[in-house]
Amino acid sequence: MLLSACAGPLPWEKPAQPEAQAPEATAIASSTEVSSAQKCPVCPVCPAAPVCTAPPPVAAEQPPRLEAKTWSDLPGWRQDNVAAAWGGFQESCRGQASKNGGERWGRVCKLAANVDGQDGEAVRQFFEAHFTPYAMVEGDGRQEGMITGYYEPLIQGARRKDGRNATPVLAVPPDMLTIDLGELYPELKHRRLRGRLEGNKVLPYWSRAEIEEHLTGHWPGKTLLWVEDPVEFFFLQVQGSGRVQLADGSRVRIGYADQNGHPYQSIGRLLVERGEMRLEEASMQGIQAWARANPQRLQALLNANPSYVFFRELPNNEGGPIGALGVPLTAERSIAVDPRYIPLGAPVWLATTRPNSGQILNRLMLAQDTGGAIKGGVRADFFWGFGKEAGELAGRMKQKGRLWVLLPDELAPTK
């Protein structure tokens, strides 16, 4: 592993990974009980001596949980313009309709058709009448977690490779295998591996460094576009979607299609650990400055992150990028969550502060996306929208916050 325990992402990093990830299997045995005789046999010389005591079993870590609350427990609930989230809620209803379990949202989504979405008080009364707020609480009792931000970047590129545009945007390669472990191990539902065949063996798919090496020879897959700045494209891979502006002024929207199966490693953290920049300097802008000053070392730095994201071309509409729920994200009203604990499509009340400040940011959001770094119950990534200004806000956002999940009776947590 290239990085130490500090290998996690920086605030602006949202490693693209739409699939829900199941917890890793931690044990084969069904019980942690082991008799003291098995661990510490009686002394063979003095059989009358007592058997040594085995250490007590380690208690299993408790998962996050939801605790029922009242609407008055939500800070700022009466002050938010909840009508601004109504379009996002309707998108969630459309997304749920095509998912397994979506029928459980059917009742409230049908009732929503009779609500005047322009009337903030009518929207508020709809949620109060048909939903219950549940505070998200981590297994150790913490109700406060980290809220980061992400955005949709714009970078320069071309349809064909030229002297200026030489970094490829790759489609999913045809030789990459997707192995679903849930068929054999239900506890690993949604856990998928990426691999490739070599003879009769399935091996891990190529890492970023290996993909770059193969690109100099014969690459089996399709190249969608060529872009100008390899660092900006790296950041676009981290965000998971973006737009590429061509020389004629037109724009091409691309979105996450798949990933090579390797874990994400933060290049910003690596530069900090090497002593090449301070933690507060390890922003997108700071890494870009380092890249301009060290062009000969850039590819080695990028290769330190073995994860590689493949893309697909998307319809070039004016809405937000498509999130993990399969619907367009709404700027400043969509969040990425860990779907093991917060169902995709659910309305979520967020209480936090604006980027790098103490200014209150309490508002109704929609859980419509996921991300490789978004793990845990009280954890969310705030979608700021498209372009440079959104990127600056996302890059500065690393705030403490709380989450309340709004659920209809059909989805009430079981005891």
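The values are calculated or read from the model by the stated rules, or taken from the named source; none is laboratory data. Computed from a prediction, not measured in an experiment: that's the story for all the values here. Using ideal geometry, Cβ is built from the backbone for each residue, glycine included, and neighbour counts are taken over all protein chains shown.
List of remarks:
- Positions within segment 352-392 being out of contact with any Gly (no Cβ under 6 Å at 6 or more places or on another chain), under 24 Å from W86 (Cβ atoms) and either of a type in the set (A, V, I, L, M, F, W, C) or buried (at least 22 other Cβ atoms within 10 Å of the Cβ) (or both), in sequence order: I360, L361, L364, M365, A367, T370, A380, F383, F386, A390
- The residue that is farthest from K375 (Cα to Cα), counting only those in segment 233-267 that are out of contact with any helix residue (DSSP H, G or I) (no Cβ under 6 Å at 6 or more places or on another chain) and assigned to a helix (DSSP H, G or I), is F233.
- Verdict on E144 being touching a Pro at 6+ places or on another chain (Cβ under 6 Å) and modelled with pLDDT of 95 or more: no
- Wholly enclosed strands (runs of 3 or more DSSP E) of segment 303-415 bearing at least 1 residues over 24 Å from P263 (Cα atoms), in contact with a Pro (Cβ under 9 Å, 6 or more places away or on another chain) and of a type in the set (S, T, Y): 334-336
- Scanning segment 288-300 for residues that are crowded, with 19+ Cβ neighbours inside 10 Å and either out of contact with any Leu (no Cβ under 7 Å at 6 or more places or on another chain) or in contact (Cβ under 8 Å) with a residue 60 or more places away in the chain (or both) yields one hit, A291.
- Output for segment 158-184, where each listed residue is within 20 Å of Q245 (Cα to Cα) and either without any contact (Cβ under 8 Å) to a residue 60 or more places away in the chain or more than 26 Å from the chain's Cα centre (by Cα) (or both): A158, R159, R160, K161, D162, G163, R164, N165, A166, P168
- Residues in segment 389-415 that are of a type in the set (V, I, T) and touching a strand residue (DSSP E or B) at 6+ places or on another chain (Cβ under 8 Å): V405 alone.
- Residues in segment 318-341 that are of a type in the set (G, A, S) and at pLDDT below 95 were compared, and the one that is surrounded by the most Cβ atoms within 10 Å (Cβ to Cβ) is G323.
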